[in-house]
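Structure first, then comments.
Rule-based calculations on the coordinates, nothing more; no lab input. Owing to the predicted nature of the structure, the values given are computational and were not obtained by experimental measurement. Positions of Cβ are generated from backbone atoms using ideal geometry, with glycine treated the same way; all protein chains shown enter the neighbour counts.
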């Protein structure tokens with residue numbers, strides 16, 4: 001397979017409601033899409049960077065720049081192009097995992113479409129549908145939070161994740177537990193908002209029977225997470241700290257985590273995500289698929305990943321309507337708390353042309 005051209009397309013998708021975390025509030029998702037064109041098929045990739053370098057060092061403009069100037073030309077120079085060769089071909093360039101993941105996704109989608117294979121089968125999925133959790137942002141009041149959680153439970157979500165930060169942690173969790181009971185699968189996500197000095201405070205979450213506390217400390221502080229795990233009973237889950245199969249193995253060996261959140265964009269692509277899942281399975285560490293407010297393109301690929309063995313906890317693979325009134329693909333709709341795994345070749349979905357055009361803010365065609 002030979003890459004003959006690639007389109008960079010920016011889209012702006014308004015969220016149904018502001019989504020607030022410890023690092024900021026999003027009202028519109030600025031997404032960079034890639035369309036890889038080969039002699040055999042076309043494939044789509046989605047870059048999960050945010051507009052600003054607040055979740056990670058990557059951001060949308062930088063991703064477009066590194067793709068345009070370095071990554072795409074390096075890949076285009078290869079006469080024989082297969083998805084498993086994308087990582088090695090780009091290894092010379094440091095970092096930029098989200099941009100690399102988007103490019104790998106586009107190539108992988110094209111390769112699978114050309115051969116009539118599905119992403120789920122390629123990755124090794126064992127289920128035809130996956131249980132879905134929902135991520136609930138930081139709210140203006142406890143009452144607003146309880147209304148939101150109640151609505152999501154009514155929709156059928158099987159797990160609730162609450163975003164937390166200093167000043168918005170123990171009491172919101174207590175309120176949700178008191179209102180909805182101990183049977184609700186509940187976890188929290190700090191997005192690196194705390195330090196090891198907060199260990200005793202975080203231990204106050206232990207009585208609420210949480211599935212996990214996700215990335216409480218800065219991503220570089222893996223040893224600090226290991227120390228925190230000695231203080232709190234709630235299982236520690238790492239997100240931002242896990243960037244590769246090696247970093248996952250190291251964190252597990254150090255005792256820094258008992259659960260791992262796998263986000264394909266954060267780790268450089270779906271093939272590395274599968275390797276991380278394999279490492280975790282070998283150590284009996286459960287994993288789940290995280291989300292970055294993807295469009296239907298990224299959501300389709302994430303659902304396929306979440307169908308692998310080892311993904312034993314519900315992921316952030318919410319229905320399209322959780323974030324967007326109109327998705328750029330046919331919407332993913334919750335069915336009894338689950339989403340179906342796409343069965344068409346490649347990632348299994350295509351953008352709806354008129355909807356895609358409506359939300360497009362710019363396009364750029366790269367050829368050689």
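Quick notes
- For the chain, built as a Gaussian network whose Cα springs stay under 10 Å, the top-fluctuating residue of 221, 65, 109: 65
- Gain in span if fully extended, residue 69 to residue 17, counting 0.36 nm per residue against the direct Cα distance: 15.2 nm
- DSSP beta bridges in the range 121-340 [antiparallel fraction, %, rounded to 5]: 20 percent
- Taking the centroid of alpha carbons for each part, the range 309-339 and the range 103-162 are 4 Å apart.
- DSSP bridge pairs, the chain: antiparallel proportion in percent, nearest 5: 60 percent
- All Cα pairs of the range 68-215, percent lying beyond 23 Å: 57 percent
- Spacing of the two label points (7 Å from each Cα toward its C-beta) at residue 94 and residue 117, in nm: 3.5 nm
- Mean separation of Cα contacts under 8 Å, 6 or more apart, over the residue count of the range 121-340: relative contact order %: 23 percent
- When the chain is treated as a Gaussian network with alpha carbon springs shorter than 10 Å, the biggest mean-square fluctuation among 131, 330, 342 belongs to 330.
- The stretch between residue 183 and residue 54 holds 43.0 nm of extra length on full extension. This uses 0.36 nm per residue minus the Cα-Cα distance.
- Taken over the Cα atoms of the range 233-280, the convex hull encloses 56 Å³ per residue.
- Rounded to 10°, Cα long-axis angle of helix 170-180 versus longest principal axis of the chain: 90 degrees
- Relative to the dominant Cα principal axis of the chain, helix 270-282 is inclined by about 40°.
- Segment residue 312-residue 175, extension gain: residue separation times 0.36 nm, minus the distance between their alpha carbons: 46.6 nm
- Cα Rg, Dmax, the range 234-368, angstrom units: 16.5, 53
- Take the Cα of residue 206, step 7 Å toward its Cβ, do the same at residue 333, and the gap between the two points is 4.6 nm.
- Globularity index of the range 121-340, i.e. its alpha-carbon radius of gyration over 2.2 N^0.38 Å: 0.97
- Mean sequence separation of contacting Cα pairs (under 8 Å, at least six apart), scaled by the length of the chain, corresponds to a relative contact order of 22 percent.
- Expressed as a whole percent, the proportion of Cα-Cα pairs in the range 149-228 lying more than 17 Å apart is 44%.
- The order of the peptides 32-38, 298-304 by mean Cβ neighbours within 10 Å, most packed first, is 298-304, 32-38.
- Based on alpha carbons, the Rg and Dmax found for the chain are 19.7, 61 Å.
- Spin-label pair residue 158-residue 80: with each label point 7 Å from Cα along the Cα-Cβ axis, the two points sit 4.2 nm from one another.
- Rounded Å value of the spacing that divides the Cα centres of the range 239-255 and the range 14-92: 23 Å
- The angle separating the long axis of helix 245-254 from the principal Cα axis of greatest extent in the chain is about 20 degrees.
- Near-label residues of the range 59-82 by backbone N, under 18 Å of a point 7 Å along Cα→Cβ of residue 40: 75-82
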